[in-house]
1. Just wondering, is there one or more residues in the range 101-111 that are in contact with a helix residue (DSSP H, G or I) (Cβ under 8 Å, 6 or more places away or on another chain), aliphatic (A, V, I, L, M) and either surrounded by 24 or more Cβ atoms within 10 Å (Cβ to Cβ) or under 20 Å from Val201 (Cβ atoms) (or both)?
2. Confirm whether Ala56 is touching a strand residue (DSSP E or B) at 6+ places or on another chain (Cβ under 7 Å), small (Gly, Ala, Ser) and under 11 Å from Ala33 (Cα atoms).
3. Please determine, by comparing only the residues of the range 246-294 that are at pLDDT 95 or above, more than 14 Å from Tyr181 (Cα to Cα) and among the charged types (D, E, K, R), which one is surrounded by the most Cβ atoms within 10 Å (Cβ to Cβ).
4. For the range 104-121, which residues satisfy the criterion of being among the polar types (S, T, N, Q) and more than 18 Å from the chain's Cα centre (by Cα)?
5. Anything in the range 248-270 that is assigned to a loop (DSSP other than H, G, I, E, B), more than 22 Å from Thr192 (Cβ to Cβ) and in contact (Cβ under 8 Å) with a residue 24 or more places away in the chain? List them, or say none.
6. Of the conditions (1) assigned to a helix (DSSP H, G or I); (2) of a type outside the set (D, E, K, R); (3) under 24 Å from Thr238 (Cβ atoms); (4) within 19 Å of the chain's Cα centre (by Cα), Asn12 fails just one. Which one is it?
7. If we keep just the residues of the range 194-239 that are farther than 19 Å from Ser142 by Cβ and within 23 Å of the chain's Cα centre (by Cα), which is modelled with the lowest pLDDT?
Amino acid sequence: MEKKICIITGANAGIGEAAAGQVGAAGHHVILACRSKERGESALRKLRSNNIHISAEVMILDMSLQSSIHRFVRAFKAKYDHLDILIHNAAYFDISQKQAIKTTEGIEQVWATNHLGPVLLTNLLLGYLMASPNGRILTIASKGLVIMRHTKVDLEDPEFETRRFSVPKAYYQSKCAQIIYTYWLAKKLKETSITVNCIRVTNVKIDISRYPNISRFNKWLYKQKSKKSITPEVMAKTYTFLALDPRFERVTGRYFNEHNEEVKSSAYTYSEDEAEKVMKLTFSYFKEGAEENA
């Protein structure tokens, strides 16, 4: 078996950490792309305590900052000549947040992290994915969009400059944009060896201690919700399945649930006209040099 190179963003906890362990256990090299070196190294020690033979490393990456993404890509290209798997697991969703927060680069943090970051990182690594016999890109959306089925990308105000901010609205807008991006990119790359698919993550148990500022009611709510939630390890199995199973070598532009079944997204996300508008907006955020030759 040929050892694949896999990047998983946000791999220091939760589903990302579990997926890193599973991909590594399958005999492949995993790059834990984490914002915090300390948390990344802690996750790596945990992985190695469970499997001393795992091939893995930590590389620093803050998906909310384009400068960090460029640095990460330069560091990756200095070490490797191709990339087999790119899993966009990292996401920002602080349930205690009340107002929009801008990054140091001046972009609303949810939009920057959950949508702009994955698009930029993918774009900069496309040539390395093409150097793989079967480069695979996995984006991540949310089952919450089944309830929030009328969610669209606000082309005039994606960063909540003039409309009232809420974390759920910002989060689901960014995840809707990721589904649109998945379909759009799959069509752009249909003549290549790269596949692009999206995973609809269901309710997954979370470490509520990561949100010390949430209200008692929200703590109770999440406790009740967790009773019907699956573990990160179970959800990660879909990541691993779509990343590694040979049956998906030519499957692209699809949307899958936690049972590895293809599901449908909203009618809006399938519109090619809307996709062109969303992607035109997306690329307007990137400075020159965002092309794959960075």
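The values are calculated or read from the model by the stated rules, or taken from the named source; none is laboratory data. As the structure is a prediction and not an experimental result, all values here were calculated from the model. For neighbour counting, all protein chains shown are included, and Cβ atoms are generated from backbone atoms with ideal geometry for every residue, glycine included.
1. Scanning the range 101-111 turns up at least one residue that is in contact with a helix residue (DSSP H, G or I) (Cβ under 8 Å, 6 or more places away or on another chain), aliphatic (A, V, I, L, M) and either surrounded by 24 or more Cβ atoms within 10 Å (Cβ to Cβ) or under 20 Å from Val201 (Cβ atoms) (or both).
2. So Ala56 fits the description; yes.
3. Among them, the one singled out is Glu258.
4. Result: Thr104, single match.
5. Asn257, Glu258, Val263, Ser265, Ser266
6. Every condition holds for Asn12 apart from (1).
7. Ser209
Let's see how each residue does on (1) in a loop (DSSP other than H, G, I, E, B); (2) of a type outside the set (Phe, Trp, Tyr); (3) in contact (Cβ under 8 Å) with a residue 24 or more places away in the chain:
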| residue | (1), (2), (3) |
| --- | --- |
| Ile69 | no, yes, yes |
| Val73 | no, yes, yes |
| Leu83 | yes, yes, yes |
| Leu86 | no, yes, yes |
| Ala90 | yes, yes, yes |
| Phe93 | yes, no, yes |
| Gln99 | yes, yes, yes |
